Amino acid sequence: MDLIHYQPVINSILFSFLGIIILLAAYFVIEKITPENTWKEVVEKNNVAVAIVLAAFIIGISMIISAAIHG
């Protein structure tokens, strides 16, 4: 089989990994900027407000990455 038949699948996998890497990089930048450790606030202190803000951040960055990759 030709590689041309698998090109859409390869592109999907490649862009998925690229999007996840960019999302993780953005999370670590936000983690460095904020004064508190967000993960510790959510997990250990059960801070629901920080969890909601973190979820909104992840959804927002994911939408931006998706739009940038899709074109």
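The values are calculated or read from the model by the stated rules, or taken from the named source; none is laboratory data. Please read these numbers as outputs of a predicted model, since none were measured by experiment. Backbone-built Cβ (ideal geometry, glycine too); neighbour counts: all protein chains shown. Accessible surface areas use protein heavy atoms only, side chains included; no ligands, DNA or RNA. Shrake-Rupley method; radii C 1.70, N 1.55, O 1.52, S 1.80 Å.
In the stretch 56-65, which residues are open to solvent by less than 100 Å² (accessible area, probe 1.4 Å) and within 10 Å of the chain's Cα centre (by Cα)?
F57, I58, G60, I61, S62, I65
Looking only at the stretch 1-47, how many residues end up being of a type in the set (A, V, I, L, M), over 17 Å from the mean Cα position of the chain (by Cα) and loosely packed, with under 10 Cβ neighbours inside 10 Å?
4
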